[in-house]
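Engineer: Sharing a structure with you now.
The values are calculated or read from the model by the stated rules, or taken from the named source; none is laboratory data. Being a predicted model, the structure only gives us computed values, none of them experimental. Cβ placement follows ideal geometry from the backbone for every residue including glycine, while neighbour counts extend to all protein chains displayed.
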Amino acid sequence: MSRSQAGKTEIGYHNQNLEASVQRLVKGQTYKDLSTVWITPTRGQLKPKVVSSWLSLQKPMNQPFFGPIFMEGLEVGEAYQKAFETVLDHSELSKWKYILTVEEDNLPPSDGLLKLYEAIEKGYDAVGGLYWTKGEGGQPMIYGNPNVMPRNMVPQVPQIDTVQHCNGLGMGFNLYKIEMFKKMPRPWFRTVQEKGACFSQDLWFYNNAAGFGFKFACDTRVKVGHLDVNTGMVW
């Protein structure tokens with residue numbers, strides 16, 4: 001090996017193209033505060049396939065990360081409300097940056113969380129991965145085109161591998177800025193089944209949060225499997 005070749009090797013792989021390495025760090029947001037609390041409502045139906053997916057989830061190095069916090073045995077709206085209150089009423093966790101929601105039948109990709117950190121910094125207050133309702137006629141859980149009035153929650157056609165602005169999301173694999181909840185009155189989540197009104201807890205939240213000027217998006221690069229716990233099919 002020549003002296004020039006040896007010198008090039010000794011500076012290290014990432015130093016050989018320092019500009020590209022710096023851009024990778026900037027894009028990944030890993031130098032910022034990424035402190036995160038993980039929340040999961042559960043009916044006690046966690047499957048090994050789901051747990052295996054969760055264990056492979058990449059987390060930012062040397063950043064505070066706590067959870068999952070499980071909420072078991074409650075109606076889903078109540079479970080989310082209690083879980084978020086647990087974080088927002090905590091003397092330390094309430095000072096953190098993000099809440100991550102992961103539902104017990106969702107299988108996020110290993111790099112999914114890192115991509116959500118990147119996406120949320122594009123001017124959004126909450127972002128989620130792309131997953132579909134179960135069944136042959138599954139619909140993407142990305143609701144409402146903000147450019148269409150009156151405001152609605154009609155399922156959008158996903159755009160390929162992008163951060164897609166929307167009016168609402170499911171909560172299967174979502175990242176939320178904690179500061180958002182300090183600016184909104186409680187309750188944040190509520191399942192409504194009343195005469196003339198029917199909202200799941202997720203769309204009830206997004207519908208209210210939009211009135212405070214908050215913005216949401218689906219990161220369609222983050223493709224999340226949706227497990228049917230009875231058949232084992234991943235939709």
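Engineer: Does Ser91 count as over 19 Å from Gly172 (Cα atoms), surrounded by fewer than 19 Cβ atoms within 10 Å (Cβ to Cβ) and either more than 14 Å from the chain's Cα centre (by Cα) or of a type in the set (A, V, I, L, M, F, W, C) (or both)?
Structural biologist: yes
Engineer: Right, next: I'm trying to understand the selection: among the residues of region 131-163, which are surrounded by fewer than 23 Cβ atoms within 10 Å (Cβ to Cβ) and within 14 Å of the chain's Cα centre (by Cα)?
Structural biologist: Val163
Engineer: Can you work out which of the residues in region 43-56 that are in contact (Cβ under 8 Å) with a residue 12 or more places away in the chain and closer than 19 Å to Tyr117 by Cα is surrounded by the most Cβ atoms within 10 Å (Cβ to Cβ)?
Structural biologist: This residue is Ser53.
Engineer: Which condition number does Gln159 fail, the rest of (1) more than 21 Å from Lys59 (Cα to Cα); (2) of a type in the set (S, T, N, Q); (3) modelled with pLDDT of 95 or more; (4) in a strand (DSSP E or B) being met?
Structural biologist: Here Gln159 clears every test but (4).
Engineer: Now for a different question. Output yes when any residue across region 57-75 is touching a residue at least 60 places away in the same chain (Cβ under 8 Å) and either within 20 Å of Pro185 (Cβ to Cβ) or surrounded by fewer than 21 Cβ atoms within 10 Å (Cβ to Cβ) (or both), and no when none is.
Structural biologist: Yes, because at least one residue in region 57-75 is touching a residue at least 60 places away in the same chain (Cβ under 8 Å) and either within 20 Å of Pro185 (Cβ to Cβ) or surrounded by fewer than 21 Cβ atoms within 10 Å (Cβ to Cβ) (or both).
Engineer: Same structure, new question: Within region 163-195, how many residues are within 15 Å of Asn208 (Cβ to Cβ) and either at pLDDT below 95 or assigned to a loop (DSSP other than H, G, I, E, B) (or both)?
Structural biologist: Summing the residues that are within 15 Å of Asn208 (Cβ to Cβ) and either at pLDDT below 95 or assigned to a loop (DSSP other than H, G, I, E, B) (or both) in region 163-195 gives 12.
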